[in-house]
Amino acid sequence: MRAPLSWIREFTPIDVSVDDIVAALNRVGLEVEGVEEPGREIVGVRAARVLDVTAHPGADRVRLAEVDYGDGTTRVVCGAPNVRVGMVAPFAPVGATLPGGVIERRTIRGQVSDGMLLSPRELGLGDDHEGIMDLDATVAPGTDVRDVLGLDDVIFDLSITPNRPDAMSVIGVARELAAHFGLPLTVPTPAAPTGDFDRPIGVVIEAPDRCPRYLGRVAAVTVGPSPAWLAQRLVKAGMRPISNVVDVTNYVLLERNQPLHAFDLDRLAGPGVVVRLAAAGERLTTLDGVTRALEPEDLLICDAERTPQAIAGIMGGGDSEVSDQTGAILLESAYFEPMGIARSSKRLKLRSESSARFERGTDPEGVATAAERAMELLAAVGQANVAPTAVDQYPRPVTRPRIALRTSRVNRILGTALTDTEVLGALRPLGIDVSGRGDEIVATTPTFRPDLEREIDLIEEVARTVGFDAIGRGTARPRDQIGGLSRSQRERRAVADALVGAGCTEAVTMPLVAPAALADFGVTDPVPLANPLRADESVLRASLLPGLLAVAAANAARGRPDLALFELGTAFFAPRPDRVLPTERTHVAALLTGTVHRRPLEPDRPVDVYDATDLLRAVADTLDLDDWAIEPATVPGYHPARAARLRAGGEVLGHAGELGPEPQARAGLPGPAVAIEADLEHLLTAPRRDRTFRPLSPFPPSTIDLDFVLGDDVPAAAIADTLRAAVGPTLEDVRLFDEFRSDQLGPGKRSLAFTLRLRAPDRTLTQNDVAELRQRSIDAVAHRHGATLRG
């Protein structure tokens with residue numbers, strides 16, 4: 001949005017520095033992206049009348065123009081297609097200064113050019129460089145162009161957020177500045193002089209939800225160039241002047257944020273228009289010359305015979321556009337539903353100044369006023385003979401929203417101590433009608449502000465008007481703790497930290513897997529997807545392991561077979577009978593593959609089931625689970641003799657072990673792999689150990705190693721439990737450190753070696769104490785499990 005300061009001053013008498021205006025615009029939320037002063041670098045540019053135009057002898061597209069610039073005549077070389085005899089144009093003689101530098105005499109294709117005729121872009125008035133700028137024919141040659149074009153103006157290039165359509169107009173910008181500086185805002189009520197031209201028209205709205213209001217008014221006009229003041233305003237605002245009729249519609253759009261469209265009345269079939277939705281397969285050639293295929297959701301403006309003449313709110317059609325032969329117009333001023341315009345504009349890849357405003361939301365109550373303003377201007381610049389009345393179809397007038405506002409709430413949100421008077425005074429300049437006091441204020445918002453819907457929106461308006469920099473800093477004093485992690489969040493992070501400390505790397509995998517991958521782990525009723533994109537990703541995971549296996553296989557295929565991965569994620573299960581959605585549980589899983597590198601401490605070795613149980617033990621210890629045990633079990637997807645489950649509080653919470661060949665083969669993962677998986681939500685609710693502090697023993701520990709020979713069917717965990725029960729509280733820690741198998745031990749036998757750390761709380765254990773505890777441990781294991789002490 002480009003807003004010239006001279007235009008803003010027509011509505012509010014702002015008289016402060018440019019820097020202060022920029023600061024104010026930024027402060028109220030209308031971000032200033034740039035400030036242009038087009039006349040600052042323009043010196044010596046004059047108005048010149050073209051006396052003669054001849055062809056260039058050495059170039060087909062370049063012509064020679066003889067110009068009168070007040071102090072004489074000279075010849076310039078000009079490539080603009082619109083240069084013609086009699087026109088008055090900006091002329092930069094040799095020595096004149098432009099934004100690009102100083103003009104020098106040049107020779108072009110053998111012809112000397114003493115200066116140049118200028119386009120709007122060369123004057124810094126826009127991007128248009130297709131032709132020479134056409135000045136008012138009454139301007140005398142030699143007149144300084146700065147005076148003719150008002151080049152001492154300042155233009156603000158504003159970035160308007162989508163929720164502020166009202167600020168996409170000069171009046172909207174002036175309203176914000178007037179409120180900020182405490183100045184009056186004066187917007188004259190337009191009054192078009194009417195004549196005797198009156199051609200009856202009708203307006204039929206067949207899609208009232210898409211077009212709640214449509215106004216049509218006719219006038220006889222004389223099409224021609226716009227006067228200099230009007231053309232200058234448009235150029236400064238970034239628009240190219242076309243003709244007085246088209247320029248007036250663009251002028252009102254920029255001034256009041258109301259897009260208008262003028263149809264050539266004599267090119268419309270029948271007396272009036274029909275607003276309807278397009279039929280499938282309909283086509284319309286728009287003003288840009290492109291024939292566009294329409295769909296049933298596109299809104300059309302048609303003539304009385306239902307022939308499309310415009311895509312509503314976006315662009316008119318070529319069949320009824322205003323031309324030099326136009327003698328009468330039908331002026332359209334309407335309100336269109338924003339989202340419908342946005343969808344059509346995006347689908348058609350057609351964006352215009354009108355669509356940019358309609359899709360943000362224009363003012364339905366400003367439709368008639370904007371049409372009246374346009375007719376007022378047409379009477380002034382196009383000798384318009386305006387019809388006395390308009391046809392205005394507005395079946396369901398918009399009701400202005402009424403919002404309750406509380407001064408106490410304003411002060412609590414903003415941290416201020418504003419009075420009722422200050423709150424009301426901050427809102428009234430923005431066009432908001434307010435009444436009441438204290439916590440019973442009622443605000444009636446204007447229809448040009450569709451973004452004001454709730455009390456908090458009004459509080460923001462108070463903050464903008466008062467100024468965020470005027471709101472003092474304070475320290476928040478909440479009654480309740482804000483932020484922080486819950487206990488479950490802290491413990492979830494603790495589990496992740498424990499696995500990271502055990503050497504694992506966290507992975508995040510897709511929740512979509514193949515049914516066969518879950519079947520390997522005993523899941524026979526996974527949650528299916530309604531529209532899967534791939535057959536191997538057609539169900540939601542009920543286990544995290546298939547995803548981790550896929551990651552490990554991809555790494556192994558790229559030369560990285562040794563991995564330690566873990567994931568905390570959601571597993572999905574079939575919904576319960578009383579629910580429609582799947583049951584979701586948070587799981588923790590880990591996968592170890594390849595080789596455990598231990599050199600030089602000990603030889604490297606393949607991962608084994610004890611590495612998996614160590615991870616499960618690390619999770620249980622981190623959470624301080626009480627009365628938990630790892631016990632042998634048969635688990636789908638695992639080796640039948642090398643799997644275990646975690647039990648705590650009488651419930652099975654997870655499992656661990658060496659993966660079976662089927663899951664590995666399906667994933668394409670070579671070599672050994674061990675894994676764990678547990679329901680993290682059950683883990684977090686399992687019974688915990690008593691965390692009452694007990695003083696640490698200051699006495700040194702004693703350590704003994706016991707190596708038992710026993711049957712393969714006796715789990716190591718059972719031996720550890722027996723040792724704990726036999727030794728009692730003096731046993732500080734028990735840990736399995738070796739498993740040995742040999743034919744010398746006997747068939748079905750193996751050796752398990754345990755380290756016991758003993759410590760008394762009140763004394764140093766003697767040799768006899770240790771010997772007694774050692775013998776007690778041996779006897780208990782031999783009696784309960786039939787084990788013998790090796791060696």
* Structure fact -> So, first residue in contact (Cβ under 8 Å) with a residue 60 or more places away in the chain in region 517-533, second residue among the polar types (S, T, N, Q) and crowded, with 22+ Cβ neighbours inside 10 Å, Cβ within less than 6 Å, six or more apart or across chains; the pairs are F521/S543
* Can you find a residue in region 769-786 that is assigned to a loop (DSSP other than H, G, I, E, B) and within 26 Å of A643 (Cα to Cα)? -> yes
* **Given (1) open to solvent by less than 40 Å² (accessible area, probe 1.4 Å); (2) more than 29 Å from P515 (Cα to Cα); (3) assigned to a helix (DSSP H, G or I); (4) out of contact with any Phe, Trp or Tyr (no Cβ under 7 Å at 6 or more places or on another chain), number of the condition T613 does not satisfy** => (2)
* Asked: Of (1) in contact with a helix residue (DSSP H, G or I) (Cβ under 7 Å, 6 or more places away or on another chain); (2) open to solvent by 20 Å² or more (accessible area, probe 1.4 Å); (3) part of a loop (DSSP other than H, G, I, E, B), L568 satisfies all except one. Which?
  -> (3)
* Which residues, counting only those in region 167-212, are surrounded by 14 or more Cβ atoms within 10 Å (Cβ to Cβ) and assigned to a strand (DSSP E or B)? -> T194, V203, V204, I205
* Asked: Out of all the residues in region 740-748, is one or more assigned to a strand (DSSP E or B) and under 57 Å from the mean Cα position of the chain (by Cα)?
  -> no
* Residue in region 241-258 that is at pLDDT 95 or above and over 30 Å from S119 (Cα atoms) present -> no
* To do: Starting from region 352-375, take each residue that is among the acidic types (D, E) and list its partners that are assigned to a helix (DSSP H, G or I), counting only C-beta distances under 7 angstrom and pairs at least six apart or across chains.
  => E353/L253; E359/P338; E359/I341; E359/A342; E359/S345
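Yes/no per residue for (1) out of contact with any Leu (no Cβ under 6 Å at 6 or more places or on another chain); (2) open to solvent by 10 Å² or more (accessible area, probe 1.4 Å); (3) assigned to a helix (DSSP H, G or I):
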site	(1), (2), (3)
Y214	yes, no, no
G224	yes, yes, no
V245	yes, no, yes
F263	no, no, no
A269	yes, yes, no
A280	yes, yes, no
I301	yes, no, no
* To do: Considering only region 134-166, state which residues are open to solvent by 50 Å² or more (accessible area, probe 1.4 Å) and of a type outside the set (S, T, N, Q).
  => D134, D136, A137, A140, D144, R146, D147, D152, P162
* Tally the residues that are in contact with a helix residue (DSSP H, G or I) (Cβ under 6 Å, 6 or more places away or on another chain) and either loosely packed, with under 15 Cβ neighbours inside 10 Å or among the hydrophobic types (A, V, I, L, M, F, W, C) (or both), restricting the search to region 674-705. => 5
* Asked: Only one of these conditions is not met by L330: (1) touching a Leu at 6+ places or on another chain (Cβ under 9 Å); (2) at pLDDT 95 or above; (3) surrounded by fewer than 24 Cβ atoms within 10 Å (Cβ to Cβ). Which number is it?
  -> (3)
* Could you check region 337-428 for helices (runs of 4 or more DSSP H) lying wholly inside it with 2 or more residues that are in contact with a Pro (Cβ under 6 Å, 6 or more places away or on another chain), open to solvent by 40 Å² or more (accessible area, probe 1.4 Å) and β-branched (V, I, T)? => none
* Could you list, in sequence order, the residues of region 739-791 that are on the phi > 0 side of the Ramachandran plot and open to solvent by 70 Å² or more (accessible area, probe 1.4 Å)? -> G791
* Checklist (1) open to solvent by 60 Å² or more (accessible area, probe 1.4 Å); (2) more than 30 Å from A590 (Cα to Cα); (3) small (G, A, S) applied to A665, failing item -> (2)
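The values are calculated or read from the model by the stated rules, or taken from the named source; none is laboratory data. No experiment lies behind these values; they were computed from the predicted model shown. Note: ideal-geometry Cβ built from the backbone for every residue, glycine included; neighbour counts use all protein chains shown. Accessible surface areas use protein heavy atoms only, side chains included; no ligands, DNA or RNA. Shrake-Rupley method; radii C 1.70, N 1.55, O 1.52, S 1.80 Å.
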